[in-house]
Amino acid sequence: MPTKADELAPYKVVGDGIPQSLTGSPGDVTRGRALVLARTTTCILCHSGPFPETRFQGDLAPDLTGAGNRWTTSQLRLRLVDASRFNAETIMPSYYRADGLARVGRNFAGKPILSAAEIEDIVAFLATLRD
Amino acid sequence: MSVWRAIAAAALVAAAPALAGEIPPDARRSGYSFMGPDTRAMQDDDTSNPGMLFVLDGEQLWGKKTGSAEKACADCHGDARSSMKGVAARYPAFDKTLGRPVTLDQRINLCRANHQKAAPLPYESRDLLALSAFVAHQSRGAAITAGDDPQAKPFVEQGRDLFMQREGQLNLACTNCHDDNFDKRLAGAPITQGQPTGYPLYRLEWQTLGSLERRLRSCMSGVRAQAYDYGSPELVALELYLMSRARGLPMETPAVRP
């Protein structure tokens, strides 16, 4: 399978984060919340959070409540792009990566799980999660 | 640091629960133990277990002459209640002629080809599921021993490697869910140990009976990986590893799962 990793927007890791927006502009909080809740985005397969409208939340991962207190926007962005930078053994997928994966299904090969704009929307939403 | 402290520290490390690792024999639990009371009751009562309809169909097929040899399974094997007892608990089993393990479905099709001179039944077809459910039902309650055959060992190892390997766009391995996170919830639904005790089984989500291979392929699609083909060496090896990992657990065919 050819990987089209070169189609990913370039980004620069500084320390334990990515300080610059992947799209050059800030994300949309409302869209970000909807994305986190969408089954296809996969976040709430593992995570729970302040989402009273759904019972279908996972408990394989920390509750997202307060994530905006615990992490900077820059850290959240790197966590979504490549969570293995924080924990090499993590089960959290790298959402902005398209290579180094085994046996990716035909419909998904060569593509990141989320687009740069979707990552920015989610980061913007997570930053608002303050206790 | 004294020698004794070093030994004590090493012992502590050894005693600590392994992060990624296999489930010890006395902690192995069928998917049954993760289900709610309604689904359990459905499995327990043969008159409400939808899988029993397939078992009855399979019994019919067992006695029916087929193929150009005009032979029924029963013409060679007699009464399945005695001849097939415990057989499914040993499958996939090493086939000396082929030099590799074969699943129960593959054995049924080998018998059709070699002894009945009949065309193979397609994977997941009603007749193949019915026959394998009928045969496996004769092992209900029998302890799983598949993989004990020394000749099967390299294939068990191959299956184990596949179980441990991350794959797909979500980059997850079977072990990440079924060894490290059973008893937790994925989007609200319980994750089990992924034990193969009840196949073929009736899944309420499928509204029909399905094979273990169907289940494995849906876990693979779930992590957005390219699922292996039915009957491929990889799926057979995974199935064999799962059965050896379930060693000692009783067979439940036909089980019911949500």
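Worth pointing out:
- Candidates B:160, B:247, B:215 - the one that is assigned to a loop (DSSP other than H, G, I, E, B), more than 14 Å from chain A (Cβ to nearest Cβ) and either of a type in the set (D, E, K, R) or surrounded by fewer than 18 Cβ atoms within 10 Å (Cβ to Cβ) (or both): B:247
- Residue count, segment A:1-52 (criterion: at pLDDT 95 or above and of a type in the set (Asp, Glu)): 2
Results for (1) of a type in the set (A, V, I, L, M); (2) within 24 Å of residue B:152 (Cα to Cα), shown as yes or no for each residue.
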position: B:36; (1), (2): no, no
position: B:55; (1), (2): yes, no
position: B:61; (1), (2): yes, no
position: B:64; (1), (2): no, no
position: B:88; (1), (2): yes, yes
position: B:96; (1), (2): no, yes
position: B:104; (1), (2): yes, yes
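- Residue match in segment B:178-200 (condition: at positive phi and in contact (Cβ under 8 Å) with a residue 12 or more places away in the chain): yes
- Candidates B:47, B:66 - the one that is within 22 Å of residue B:207 (Cβ to Cβ) and of a type in the set (Ser, Thr, Tyr): B:47
- Meets criteria (within 13 Å of chain A (Cβ to nearest Cβ) and surrounded by 19 or more Cβ atoms within 10 Å (Cβ to Cβ)) for residue B:225: yes
- The residue that is modelled with the highest pLDDT, counting only those in segment B:1-35 that are loosely packed, with under 10 Cβ neighbours inside 10 Å, more than 21 Å from the chain's Cα centre (by Cα) and not in a helix (DSSP H, G or I), is B:2.
- Of the residues making up segment B:36-81, those that are among the polar types (S, T, N, Q), over 18 Å from residue B:127 (Cβ atoms) and assigned to a loop (DSSP other than H, G, I, E, B) are B:47, B:48, B:49.
- Positions within segment A:61-114 being away from chain B (no Cβ under 11 Å), farther than 23 Å from residue B:162 by Cβ and among the hydrophobic types (A, V, I, L, M, F, W, C), in sequence order: A:64, A:67, A:71, A:76, A:78, A:80, A:81, A:86
- Qualifying position, being touching a Pro at 6+ places or on another chain (Cβ under 8 Å) and either within 14 Å of chain A (Cβ to nearest Cβ) or modelled with pLDDT under 95 (or both), among B:189, B:136, B:237: B:189
- Taking the criterion of being within 14 Å of another protein chain (Cβ to nearest Cβ), farther than 17 Å from residue A:118 by Cβ and not in a loop (DSSP other than H, G, I, E, B), the only residue of segment A:17-60 that qualifies is A:46.
The values are calculated or read from the model by the stated rules, or taken from the named source; none is laboratory data. Since this is a predicted model, take the numbers as computed values, not measurements. Heads up, the Cβs are rebuilt from the backbone with ideal geometry, glycines too, and the neighbour counts pull from every protein chain shown.
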